[in-house]
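Please read the structure below before turning to the comments.
The values are calculated or read from the model by the stated rules, or taken from the named source; none is laboratory data. For clarity, every value in this text was computed on a predicted model and none was experimentally measured. All Cβ positions, even for glycine, are placed from backbone atoms using ideal geometry, and neighbour counts span all protein chains on display. SASA here: full protein model, heavy atoms, side chains in, ligands and nucleic acids out. Shrake-Rupley method; radii C 1.70, N 1.55, O 1.52, S 1.80 Å.
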Amino acid sequence: GERGWRLLQECFEKGETFEAIVIGQNKGGLLVNFEGVAGFVPLSQVVGARADQEGEQSQPSQVGRPIRMKVIEFNRRRNRLILSERQALQERRDEMKEKLIEQLREGEVRQGRVSSICDFGAFVDVGGADGLVHLSELSWSRVRHPSEVLHVGQEVDVKIISLDHDRRRIGLSMKALEQDPWDRVVSKFRVGQLVRGRVTKLTKFGAFACLDDAPEIEGLVHISELS
C-alpha cells in the first residue's frame, strides 16, 4: 500500500500514465487496484462507456481488464484516488501524433480512415493521429457539407498539404489527388465561344454560374456584362 501511494504520487506529480487491473464495477464507474491501492474511474472517464447507463447490468463486465490510466485527483489523507482512462488515451494519441508529424512529409500520400465529420471538414486518422481535410479540400466539385461525400469509418487516400509542428496540426487534401477540372476546361473551351450555364449565386457585383459541360467550374458574370 505504502509503495503504491508513493508511486501514484510520482505519477500524479509528473503527469505520467500507468496500468492497473479492474477489480470491480458499478453504475458509476470502475474500481481498480494498483500496487495495493484502490482507485476509482468515473464512468465519464472510461473509454467507450455510455453515459446513459441505467445500471451496472447494462455495462459488459470489465473485471480483470488491465487499463492504462492517469491520476486526476490524489488525496492520500482522505484515501481518495480518482483516475481517468480517457486522459491517458488522449495523452497516448498526442505522443503518437508528435512522432507521426516528425515522420510525415508534405506532398506525401497516405491511406487513412475518416474518424469524425464536422461542418468545416472531416478528420482522417492517418496512422494514429488525426489530420483535417478542410471543406475546401474535399473536392473540386461544390460540397455544402462533408457528410455529402464522406462517412465515419470510410477509408480514403489523402495528400499531406501542411504540417504545423508547434500546434501539432496536420493539413490534408483529397482534392489534390483529383485532376484539376480547369486543365480540362482549358483544352475544351476558347475565348468567344458561346456556352450554356446555370446561375449558382447572385451578388451585388454580378452572378456566378457553372457551365453545363463543366459543372465543377464556376465563372463570374460581372454586373456590367449581364445585360
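Of all positions in region 189-209, none carries a residue that is within 29 Å of GLU98 (Cβ to Cβ) and either in contact with a His (Cβ under 7 Å, 6 or more places away or on another chain) or of a type in the set (D, E, K, R) (or both). Residues in region 186-227 that are exposed (fewer than 13 other Cβ atoms within 10 Å of the Cβ) and assigned to a loop (DSSP other than H, G, I, E, B): ARG190, VAL191, GLY192, GLN193, LEU194, VAL195, ARG196, LYS204, PHE205, ASP212, LEU226, SER227. Scan region 1-45 for residues that are of a type in the set (S, T, N, Q) and more than 19 Å from GLU91 (Cα to Cα) and the total you get is 3.
Is it the case that region 168-184 has a residue that's more than 30 Å from ARG110 (Cβ to Cβ), among the hydroxyl-bearing types (Ser, Thr, Tyr), surrounded by 10 or more Cβ atoms within 10 Å (Cβ to Cβ) and in contact (Cβ under 8 Å) with a residue 40 or more places away in the chain? Taking every residue of region 168-184 in turn, none turns out to be more than 30 Å from ARG110 (Cβ to Cβ), among the hydroxyl-bearing types (Ser, Thr, Tyr), surrounded by 10 or more Cβ atoms within 10 Å (Cβ to Cβ) and in contact (Cβ under 8 Å) with a residue 40 or more places away in the chain. Scanning region 110-136 for residues that are open to solvent by 30 Å² or more (accessible area, probe 1.4 Å) and in contact with a Leu (Cβ under 7 Å, 6 or more places away or on another chain) turns up ILE117, PHE120, PHE123, GLY127, LEU132.
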